[in-house]
Amino acid sequence: MKLLVTGGAGFIGSAVVRLAVARGHHVVNLDALTYAACLENLAPVAQSPLYAFEQADIRDRAALTRIFATHQPDAVMHLAAESHVDRSIDGPGDFISTNVTGTYEMLEAARAYWVAQGRPESFRFHHISTDEVFGSLGATGQFLETTPYDPRSPYSASKAASDHLVQAWYHTYGLPVVMTNCSNNYGPYHFPEKLIPVVILNALAGKPLPIYGDGSNIRDWLYVEDHADALLLVVEKGALGRSYNIGGENERSNLDLVRRLCAILDELRPKASGSYADQITFVTDRPGHDARYAIDPTRIREELGWRPSVTVEEGLRRTVVWYLENEDWWRPLQTRRGVGQRLGVTV
Ligand SMILES: NC(=O)c1ccc[n+]([C@@H]2O[C@H](COP(=O)([O-])OP(=O)(O)OC[C@H]3O[C@@H](n4cnc5c(N)ncnc54)[C@H](O)[C@@H]3O)[C@@H](O)[C@H]2O)c1
């Protein structure tokens with residue numbers, strides 16, 4: 001396939017690009033290169049004849065029209081977004097603009113291209129979204145594809161809005177769409193403002209390991225390469241107009257997760273004395289912090305045969321090893337705007 005991947009210089013998008021090229025797909029990576037982007041993530045494919053890069057903003061319709069006409073993709077995988085909840089609390093405008101208006105521009109550019117091509121049914125617009133659109137769970141239950149939307153942060157509200165636009169373009173215009181909603185990802189190339197890299201890098205620097213509130217918030221963790229594998233399966237085999245929840249069935253409280261990372265670091269890079277867990281510090285909670293997310297992945301497992309291949313234990317170990325071995329990647333990112341600062345508490 002010839003895939004147009006938006007946000008391919010980000011954390012998940014770059015994993016998709018690397019895997020797609022490894023599987024022999026042609027990939028055009030469309031990315032505006034915001035603060036969250038890192039072209040180094042694409043070093044393994046940068047010289048491949050299967051890979052092309054277009055620096056463009058998804059809100060720029062003229063650029064999108066040119067890119068569709070130039071590259072003639074068989075499918076779009078739309079990942080470009082503002083993705084950090086804490087930043088969405090401090091500055092929701094960028095989230096509305098990129099995640100909502102940007103998705104609208106992508107849908108319209110894709111629709112014009114698809115119509116000009118004679119409306120091929122084989123075309124796919126794959127919209128990549130998050131489980132956060134479903135809101136917050138209590139102690140029990142899981143998100144199904146049919147769970148009503150109940151977003152609570154500016155980030156999740158903007159993603160929910162984009163999901164609704166994608167459904168509307170399917171029902172109204174017949175654009176051949178598929179959608180996925182995934183739980184928290186982790187793994188190599190995770191930008192150093194998100195919990196897992198922050199914990200690893202602060203631990204190594206002897207800094208406090210900040211845990212929001214009492215650390216009881218539960219997330220369902222999925223290794224990023226398993227997510228990329230699921231996304232390629234959905235774009236190739238997903239049923240028209242259908243959405244699929246993707247999760248790792250690996251629920252962990254934030255406190256348990258951080259303690260586990262500390263234990264792995266204690267083993268791989270022991271401190272002169274004591275444990276990295278001694279650096280754990282409880283800090284002011286995130287406003288509106290969702291208590292628990294959990295995905296029921298039955299649909300993608302039963303209909304498409306997908307299941308994760310990396311356990312959370314193995315994935316966390318691989319991730320820690322990767323950060324220990326890739327300081328050249330993460331060190332320069334720590335000077336980017338806002339990284340290392342506490343964001344999202346001013347309301
Ligand atoms: N990270 C997670 O755990 C997770 C979980 C489920 C779903 N998602 C979704 O997956 C997608 C990718 O997430 P991520 O964690 O890789 O994000 P990320 O922040 O690491 O990367 C986003 C990429 O999009 C690009 N981008 C941002 N605004 C753009 C614009 N206006 N035009 C073009 N490019 C732009 C950035 O330059 C960056 O390369 C997002 O849509 C996100 O909502 C993320």
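The values are calculated or read from the model by the stated rules, or taken from the named source; none is laboratory data. Quantities reported herein were computed from a predicted structural model and do not represent experimental measurements. Cβ placement follows ideal geometry from the backbone for every residue including glycine, while neighbour counts extend to all protein chains displayed. What goes into the accessible areas is simple: the full protein's heavy atoms, side chains included, and nothing from ligands, DNA or RNA. Shrake-Rupley method; radii C 1.70, N 1.55, O 1.52, S 1.80 Å.
The phi torsions of the stretch 202-207, fed into the Karplus equation with coefficients 6.51, -1.76 and 1.60 and a -60° offset, translate into couplings of 5, 4, 5, 8, x, 9 Hz, rounded to whole numbers, with Gly and Pro shown as x. Per residue, the solvent-accessible area of the stretch 1-64 (1.4 Å probe, heavy atoms of protein chains only, all protein chains present) comes to 38 Å². Per residue, the stretch 189-286 exposes 38 Å² of accessible surface when a 1.4 Å probe is rolled over the protein heavy atoms with every protein chain present. Summary value for the chain: 19 percent relative contact order, contacts being C-alpha pairs under 8 angstrom separated by 6+ residues.
Once the chain from Ala272 to Val345 is taken as fully extended at 0.36 nm per residue, the excess over their C-alpha distance is 22.8 nm. Taking Cα atoms only, the orientation of helix 154-173 departs from the longest principal axis of the chain by about 20 degrees.
Surface composition of the chain: carbon and sulfur make up 50 percent of the accessible area, probe 1.4 Å. A straight chain from Leu33 to Glu303 at 0.36 nm per residue would run longer than the Cα-Cα distance by 93.7 nm. Across the stretch 1-119 the C-alpha pair distances fall into 10 Å bins from zero in the proportions 14, 46, 32, 8, 0 percent.
The Rg/Rh ratio of the chain, with Rg taken over Cα atoms and Rh as the Kirkwood radius over Cα pairs, comes to 0.95. Just to be sure I understand: of the beta bridges DSSP finds with both ends in the chain, what percent are antiparallel, rounded to 5? Given both bridge residues lie in the chain, the antiparallel proportion sits at roughly 10 percent.
Computed over protein heavy atoms with a 1.4 Å probe, the accessible surface of the stretch 90-134 works out to 37 Å² per residue.
Count Lys and Arg as plus one, Asp and Glu as minus one, and take only other residues whose Cβ is under 10 Å from that of Ala63; the net charge is then -1.
Label-to-label distance, Ala205 versus Glu121, with points set 7 angstrom from Cα along the beta-carbon direction: 5.5 nm. In this structure the amide hydrogen of Thr130, modeled in the peptide plane, comes within under 5 Å of the amide hydrogens of Cys182, none closer than 5 places in sequence on its chain. Between the helical axis of 61-71 and the longest alpha-carbon principal axis of the chain there is an angle of about 80 degrees.
What the phi angles of the stretch 31-40 give under the Karplus curve with 6.51, -1.76 and 1.60, with θ = phi - 60°, is a coupling list of 8, 7, 6, 6, 4, 8, 8, 8, 5, 4 Hz, glycine and proline written as x.
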